[in-house]
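Q: After the structure tokens below, expect a handful of questions from me.
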Amino acid sequence: MLASSGIAAVGTAWYVAYLTVGAGSEALAYVFVPVGGVLATASVFHMVRGGTPNPVARRFWRALLGAAGVITIGYGWLAADMLTHAAQARTRSMPLPAAACVALGFGTAVWAVARVPVVLPGGVEWWRMVLDRTIAFLGCATVLWYLGLAPMFSAEERWSRQAMALVGLAFLVALGAATKVSYVLGGPVDRVALRLVAASGGVTAGIVAVLAVRFGYAAGIAAQAVVMPLTPVLVTLGVAAQWRADLGLRRAPARSGVLLPYLAVLAVDVPLVAVAAGAPLSWPVRVVLVAAVVVTALVGARQFIAFRENARLLRNTRLQEERLQYEVSHDALTGLANRALFRDRLATALAATAPTSVLLVDLDDFKTVNDLLGHGVGDRLLVAVAQLLRAEVGDHGLPVRVAGDEFAVLLTGADPEELAGRLLAALSRPISEHRLLVQASIGIAGAEPGATVDSVLRDADVAMYTAKQRGKASFVRYAEGMGEPVLAHMQLGGELRRALDDDELRVVYQPILRLHDNRLVGVEALVRWHHPTRGVVSPGEFIPAAERTGLIVPLGRFVLRETCRQAAAWSSEFGPDALREAGLNVSARQLHDPDFVSDVAAALADSGLPCERLVLEVTESAVLRGQQVSRALYELDRMGIRLSLDDFGTGESSLSLLRAFPAAIVKLDKSFVDGIEIDDGQPAAADARQAVARAVIQLARALRLDTVAEGIENAEQAAVLRELGYTCGQGYHLARPMTADGVSRLLARQQTMAAADR
């Protein structure tokens with residue numbers, strides 16, 4: 001780069017000396033361009049041989065090497081010709097072979113620039129870029145034609161056709177490179193290097209054209225000695241820029257091409273303004289006018305494409321906004337309105353004081369579907385329920401998915417109870433692709449004067465909860481005062497948490513006796529709540545609250561640990577054979593707890609109670625609660641803990657459960673014991689009352705299971721059960737639930753009687 005700059009400086013110094021003291025012949029002016037060309041060619045050669053590692057960039061610089069070499073040969077030929085004809089140096093034309101070499105070099109440079117890769121967009125964006133580049137090219141070409149090349153054709157001392165053709169080719173190189181670099185955001189060929197290549201042709205050609213028009217033949221000496229030696233310098237600077245880029249010093253690209261078409265349009269207006277100011281309408285000006293018309297047409301096409309593209313973007317933006325608004329206000333799974341839209345529409349209806357009702361629909365036992373069949377089946381069931389709601393509600397209201405398995409309907413101008421009846425009737429038939437039966441509890445609340453969104457939803461929720469308490473698969477309309485029991489139930493859950501912390505819960509034990517001699521063989525642990533102000537709270541009141549709030553897990557853990565501790569204490573006091581087993585009830589929610597099995601193991605280890613002495617009683621509905629429950633039960637069975645199937649006969653899959661469930665004990669439900677002793681003189685009726693009890697004992701014997709009859713209320717029932725083959729039972733006739741001290745007294749009495757018999 002320094003050497004090329006030095007040649008340009010020497011040429012300038014010689015020209016100053018030539019003008020001032022007449023140093024040397026005019027022919028010497030033609031030497032500086034080929035010498036600088038040799039240095040520039042060497043610089044490009046060095047880049048090709050050991051510079052950029054990228055093959056695309058190397059291909060560009062290889063082509064530019066060829067262009068520089070051929071141009072240097074052409075100007076070297078010109079220099080030799082001028083030195084041999086020094087007397088005619090000012091007016092002598094460039095030899096045709098030399099001009100051909102330079103023209104070939106310029107063409108090669110144009111080809112090299114054209115091959116620089118550009119990341120081409122697709123579709124409409126591709127057409128937009130093509131139009132932008134064409135507008136930019138024609139606009140800039142028009143200005144260069146009007147201000148640079150055309151005046152050379154009409155100058156008093158015209159240069160040779162070869163010289164004007166080469167100036168035109170130099171302009172072409174500059175235009176191509178300038179247009180290309182505006183759309184190269186990055187890549188193997190550096191943007192700065194491309195700009196310098198463009199300047200090497202365009203800047204020098206522009207200056208030469210101005211000098212030719214202004215000074216005629218005399219300008220040739222200045223052009224050759226001062227202006228044209230700048231071309232090798234700019235090419236060498238381009239090589240240096242490429243070196244810096246390959247070393248990682250490339251600057252972040254800017255989107256300069258965005259403004260280029262607009263600048264080109266302004267450039268076209270320059271000659272038009274000159275014509276409007278009185279410039280003669282010569283044939284070069286007519287070329288400008290034609291170019292301006294073409295550019296205007298291209299700008300119109302460009303604006304039409306931009307208008308179409310903007311319209312498309314606006315349409316897509318509007319559709320996206322509508323889609324986002326829909327997603328914000330609708331449930332993704334079912335497509336129904338969601339809670340936010342529901343509250344907004346309810347607020348609007350309340351403000352309009354129109355007759356408005358809300359139905360809150362909660363699917364009964366939906367969790368069982370997820371546990372047994374999987375969440376995928378559960379989701380499809382929810383979608384089917386949503387479709388059913390749409391069909392039944394129609395145009396009379398807004399169906400909504402509130403959350404989980406809870407739906408709602410905002411109803412205006414229709415009978416809510418009639419709709420609730422239709423919904424329950426529709427749900428009584430199998431739905432979804434899996435043909436499932438599902439029930440629902442529906443709460444109805446009307447909008448009373450002065451009602452708010454929260455008050456209406458609260459009333460509907462209270463009514464729905466009341467429907468569940470009344471047996472599910474029904475609807476209840478909210479009435480004044482209905483929320484008080486529900487509120488009391490919710491408050492009960494909070495008090496139960498405090499009761500666990502304040503040690504207000506007690507464990508009592510109902511004895512299990514042998515029916516033939518009333519000997520105590522086991523106990524069933526039951527929990528009682530001694531409330532500080534309400535006295536003893538019934539388990540039927542606080543156990544559902546514990547289930548609903550999740551407190552059943554810590555409550556069950558307390559009963560488990562207390563039972564194991566007390567059973568171990570009895571074994572230590574009265575001997576290991578005094579009490580065969582101690583059992584307690586386990587809920588489905590406890591079995592779903594991943595820590596339940598480890599809690600049981602810890603309670604047994606801490607108390608020292610053998611595993612086989614503990615009985616865990618589960619209901620049939622709990623057994624059917626999914627894989628987690630099944631895994632827990634089988635793990636407990638492998639530990640040696642005995643499992644009892646409680647309330648046997650009341651479920652839907654009792655017989656299959658006896659084969660699939662690792663039960664050791666079957667407990668006959670109280671409902672099959674009630675009335676079993678009645679003797680009305682009709683043998684067929686008596687057999688019917690005893691049929692289930694007889695079938696259960698026969699099945700248990702076949703499967704080698706122990707049996708316990710629950711709810712024995714009198715001696716007659718005990719006698720019938722004994723005759724049927726039942727060996728153990730429990731009930732108020734045999735013994736009521738009692739404290740641990742009461743059980744201790746029974747064991748002591750039993751031990752005394754056994755000692756007396758010996």
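The values are calculated or read from the model by the stated rules, or taken from the named source; none is laboratory data. This is a predicted model, so every value here is computed, not measured. Counting neighbours? That spans all protein chains shown, and the Cβs are built from the backbone with ideal geometry, glycine included. These accessible areas exclude ligands, DNA and RNA; they are computed on the full protein's heavy atoms, side chains included. Shrake-Rupley method; radii C 1.70, N 1.55, O 1.52, S 1.80 Å.
Q: How much accessible area per residue does the range 337-398 have, in Å², with a 1.4 Å probe?
A: Numbers: 2860 Å² over 62 residues.
Value returned for the range 337-398: 46 Å² of accessible area per residue.
Q: Run the accessible area of the range 520-633 with a 1.4 Å probe and give the carbon-and-sulfur part as a rounded percent. Before the final figure, lay out the partial values.
A: Details: 2390 of 4560 Å².
Heavy-atom surface of the range 520-633 belonging to carbon and sulfur, 1.4 Å probe: 53 percent.
Q: Right, here's the next one. So how do 437-450, 101-114 stack up, highest first, on mean other-Cβ count within 10 Å? Don't skip to the answer; put the middle values down first.
A: Values: 437-450: 18.9, 101-114: 20.9.
Output ranking for 437-450, 101-114: 101-114, 437-450.
Q: Starting with the highest mean, order 311-320, 737-746 by the number of other Cβ atoms within 10 Å, averaged over the residues of each peptide. Before the final figure, lay out the partial values.
A: Numbers: 311-320: 10.1, 737-746: 16.3.
Answer by packing, highest mean first, reads 737-746, 311-320.
Q: Place the peptides 567-576, 546-555, 497-506 in order of packing, highest mean first, counting for every residue the other Cβ atoms within 10 Å and averaging per peptide.
A: Details: 567-576: 16.3, 546-555: 18.4, 497-506: 13.7.
Going from most to least packed, we get 546-555, 567-576, 497-506.
Q: By how many nm would the segment from A601 to E713 lengthen if fully extended, with 0.36 nm per residue of separation less the alpha-carbon distance?
A: Numbers: separation 112, 0.36 × 112 = 40.32 nm, distance 3.57 nm.
That pair, A601 and E713, stretches by 36.8 nm at full extension.
Q: Percent relative contact order of the range 428-537, based on C-alpha pairs within less than 8 angstrom and at least six residues apart? Walk me through the intermediate numbers first.
A: Details: 138 pairs, mean separation 18.5, N = 110.
Relative contact order for the range 428-537 comes out at 17 percent.
Q: Going by amide H atoms built from the backbone, whose H comes under 5 Å of the H on Q439, apart from near neighbours?
A: Counting only residues 5 or more places away or on other chains, the set is D364.
Q: Kindly write out, for the range 342-352 in residue order, the coupling ³J(HN,Hα) from the Karplus curve 6.51 cos²θ - 1.76 cosθ + 1.60 (θ = phi - 60°), rounded to whole Hz, with x marking Gly and Pro.
A: Result, rounded to whole Hz: 4, 5, 5, 5, 5, 4, 5, 5, 5, 5, 7.
Q: Residues with amide H under 5 Å of F407's amide H, sequence separation 5 or more or different chain, H placed in the peptide plane at 1.01 Å from N; which?
A: It is V361, D362, L363, V402, by chain and number.
Q: Roughly speaking, what is the stretch gain from D637 to R390, that is 0.36 nm per residue apart minus the C-alpha to C-alpha distance, in nm to one decimal? Working shown, then result.
A: On the way: separation 247, 0.36 × 247 = 88.92 nm, distance 4.78 nm.
Between D637 and R390, full extension yields an extra 84.1 nm.
Q: Distance between the C-alpha centers of the range 307-381 and the range 551-588? Whole Å please.
A: 50
Q: Ok, one more. Students often forget the sequence filter, so: which aspartates and glutamates lie under 12 Å Cα-Cα from K472 once same-chain residues fewer than 8 apart are removed?
A: Partners found: D362, D364, D365.
Q: Under a 5 Å amide H to amide H cut-off, with H placed in plane at 1.01 Å, what residues pair with M738 once short-range neighbours are removed?
A: Long-range HN contacts for M738: Y509, Q510.
Q: Roughly speaking, to the nearest percent, how much of the range 364-477's 1.4 Å accessible area is carbon and sulfur? Please list the in-between numbers first.
A: Details: 2650 of 5240 Å².
For the range 364-477, the apolar C and S fraction of the accessible surface comes to 51 percent.
Q: Related question: Going from the alpha-carbon gyration tensor of the range 670-758, what semi-axes, largest first and in whole Å, does one get by taking the root of 5 times each eigenvalue? Intermediate results must be reported in sequence, preceding the final value.
A: On the way: eigenvalues 171, 49, 32 Å².
They are 29, 16, 13 Å, listed largest first.
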